[in-house]
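Trainee: Could you have a look at this structure, given as structure tokens, before my questions?
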Amino acid sequence: MTAPDAHGTVVEVLGGGVVLGGRPVLRDVDLTVRGGEFVAVVGANGSGKSTLIRAVVGLRPVTTGSVRLFGVEQQRFTDWRRVGYVPQRSGAGSGVPASVWEVVASGRLVHRSLLRPLRRADRDAVREALEVVGLADRATEPVTTLSGGQQQRVLIARALVSGPDLYVLDEPTAGVDAANQQALADALRTVSAAGATVVLVTHELGPLAPLVDRTVTVREGRIVADVPGAHASASHDHHHHDGDRPVRDDHVPHLGAPVDRLGGRP
Amino acid sequence: MIELLSYEFMQRALIAAVFVGLAAPLVGIYLVQRRLALMGDGIGHVAVTGVALGLATGTSPTWTAVVVAVLGAVAIELIREYGRTGGDVALALLFYGGLAGGVLVTGVAGESASRLQEFLFGAITTISVADVWFTMVLAAVIVVVAIGLLPQLFAVTHDPEFARVAGLRVRAYNVLVAVMAAVTVTVAMRTVGLLLVSALMIIPVATAQQLVGSFRRTVWLAMALGLGAALGGLLLAAYLSFSARVAPGPTIVLVALAGFLLTWPVGVWLRRRRALRVPFAAETLPVAAPAGAHAVDEHTHEHGDGCGHPAVEHGDHVDYLHDGHRHAPHGGHYDEH
């Protein structure tokens, strides 16, 4: 893993806006992440926090403003081995079974040219990544037989295996039990300590809280707070199901458009 | 039986069956992975128009079918990518248009329906030397491309978003899969027929994924099963042809289906055995928990994988069923949900 320049700008979003179906989902967002930072992007469902990081990795290109990765305009960025993306875990597995080892090895593709077989270095990297997330003993099992939290760790390993400088994670802790959240946090602590930059989207930091350098809060498509450390309300946020108050929690997708005023807490 | 194999037409048929049996499931794997199992069928229908155009214009139906099938496959891919309609609607439009166009053109050209039927259900025993070469070369190209690009194609079909952020040209690979499917359909046209070709692409994959748990093993097993079905079906048709007129297309497909049915119980047993190791057993929730309580009682253990308490996904987190209520691990304690 090549440590990036600690003072270099890794992610730079300037005036970023995303419009989906004529509806602004992200509006005039400025976000700068420097090398080695661990940034948590928090916000309610539909706040635009996932859209923000999808814009950063180019899956949802900005309609206004600009995104730069490692100082290069996102559209012209080609050095994808420096970026490790961990998408939201999809509920159902794909049609054909795939083993844990195969999924993690697919993260190694950025280091492989066409028609080149796996080398020893690739195999070592896969094994190391599986050890970091604590799944080395499950390598040959089909991914679909793992629990949700373990599947999420497989996706982390797939990003780890290419040794990127920037990790971008979309809701890594969603639907993950406490033990697996701790395993995720341990893996992220390892890469962060090695100098990698981490940007993750979440609405419950849980065991990740001690790692966070900066918390960015997104509400209604705008950044409304950008404070050092783990934001208290984001890290410890009880949601009881007691029913005597209208619960506006994140278990249910909010029905309002993100530009609408939502009655509950953000 | 043995003297049957000494006939030259039978030898040509066997060679064609070997190549088609290996190539078709290989492409089928990527279609199943992309949840486009019916795409081969859609392309097959479009290729009917290609065959009819060949018959009508007096050119080789094989080549016109290749051209029209490739165009149809790319069209399906583009409609999926850019269209507002879902992929299944795009497929349906091409299904009906291709079949209707083919039957119409054949009729206008004054060709008999039985000539078209050779292509619809296969006529492997009438395959010419040129057709055998055509089958061998194209099938070999498909096998080389599909195996050579396996890591890339696996990544793109398994998780397109991750593949895109890894710098792979997802759209180009998707079109490549579509083109390979189109070529496979036309290669298999003389063997199993346009209306049954999709079966040889999909059934061996469906059978293989019952038994194995990795992508690579599915690839090899599906190819072996496809080969077995193609050869077995052809020999069965040849054997039956002593007493009745049997086309090899249907027997090949039925042999493949028989393989699937035989492995089904094995697959159920294997999945049940694996499921016992999954901590997230789907269990019905007990009656609602006592409301409002914030549990601070001491646990003798931490809930986690394999702690014995059934785990249920609850929105964004995991609860553990515990003495008739649900525990949500939270910080150093458990919330009651």
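The values are calculated or read from the model by the stated rules, or taken from the named source; none is laboratory data. Because the structure is predicted, anything quoted here is derived from the model rather than measured. Neighbour counts run over all protein chains shown; Cβ positions are idealised from the backbone, glycine included. Note: areas computed on protein heavy atoms with side chains; ligands, DNA, RNA excluded. Shrake-Rupley method; radii C 1.70, N 1.55, O 1.52, S 1.80 Å.
Trainee: Count, please, the residues in region B:124-183 that happen to be aromatic (Phe, Trp, Tyr) and open to solvent by 20 Å² or more (accessible area, probe 1.4 Å).
Mentor: 3
Trainee: Another question about this same structure. Given the options A:ALA193, A:ALA183, A:ALA136, A:ALA178, name the one that is surrounded by fewer than 21 Cβ atoms within 10 Å (Cβ to Cβ) and at pLDDT below 90.
Mentor: Every option except A:ALA136 fails the conditions.
Trainee: Give me the pairs: first residue in region A:10-34 and free of Cβ contacts under 8 Å to residues at least 40 places away in the same chain, second residue open to solvent by 40 Å² or more (accessible area, probe 1.4 Å), beta-carbon distance under 7 Å, and six or more apart or on different chains, which are they?
Mentor: Between residues of region A:10-34 that are free of Cβ contacts under 8 Å to residues at least 40 places away in the same chain and residues that are open to solvent by 40 Å² or more (accessible area, probe 1.4 Å), the close pairs are A:THR32/A:THR9; A:THR32/A:GLU12.
Trainee: Of everything in region A:59-92, what is within 13 Å of chain B (Cβ to nearest Cβ), in a loop (DSSP other than H, G, I, E, B) and more than 17 Å from A:TYR167 (Cβ to Cβ)? Give them in sequence order.
Mentor: Answer for region A:59-92, where residues must be within 13 Å of chain B (Cβ to nearest Cβ), in a loop (DSSP other than H, G, I, E, B) and more than 17 Å from A:TYR167 (Cβ to Cβ): A:ARG60, A:PRO61, A:THR78, A:SER90, A:GLY91, A:ALA92.
Trainee: Which of the following residues is aliphatic (A, V, I, L, M), within 26 Å of B:ALA178 (Cβ to Cβ) and under 24 Å from the mean Cα position of the chain (by Cα): B:LEU94, B:LEU104?
Mentor: B:LEU94
Trainee: If a residue must be in contact (Cβ under 8 Å) with a residue 60 or more places away in the chain and either assigned by TED's automatic domain parsing to the domain that holds B:MET189 or of a type outside the set (Ser, Thr, Tyr) (or both), how many such residues does region B:238-259 contain?
Mentor: Of the residues in region B:238-259, 7 are in contact (Cβ under 8 Å) with a residue 60 or more places away in the chain and either assigned by TED's automatic domain parsing to the domain that holds B:MET189 or of a type outside the set (Ser, Thr, Tyr) (or both).
For (1) more than 12 Å from every other protein chain (Cβ to nearest Cβ); (2) open to solvent by 20 Å² or more (accessible area, probe 1.4 Å); (3) free of Cβ contacts under 8 Å to residues at least 40 places away in the same chain, each residue gets a yes or a no:
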position: A:SER106; (1), (2), (3): no, no, no
position: A:ASP122; (1), (2), (3): no, no, yes
position: A:ARG127; (1), (2), (3): yes, yes, yes
position: A:VAL132; (1), (2), (3): yes, yes, no
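Trainee: Which of the residues belonging to region A:143-172 are more than 30 Å from A:VAL72 (Cβ to Cβ), at the interface with another protein chain (Cβ under 8 Å from one of its Cβ atoms) and surrounded by 22 or more Cβ atoms within 10 Å (Cβ to Cβ)?
Mentor: A:LEU146, A:SER147, A:GLY149, A:GLN150
Trainee: May I pose another question? Scan region B:157-172 for residues that are within 11 Å of chain A (Cβ to nearest Cβ) and under 23 Å from B:ALA69 (Cα atoms) and jot them down.
Mentor: Those that are within 11 Å of chain A (Cβ to nearest Cβ) and under 23 Å from B:ALA69 (Cα atoms): B:THR157, B:VAL170.
Trainee: Shifting gears a bit: Quick check on B:ALA206: is it open to solvent by less than 10 Å² (accessible area, probe 1.4 Å), in a helix (DSSP H, G or I) and touching a residue at least 60 places away in the same chain (Cβ under 8 Å)?
Mentor: Judged against the criteria, B:ALA206 is not a match.
Trainee: Return yes or no: is B:VAL67 without any contact (Cβ under 8 Å) to a residue 40 or more places away in the chain and in a helix (DSSP H, G or I)?
Mentor: The answer is yes for B:VAL67.
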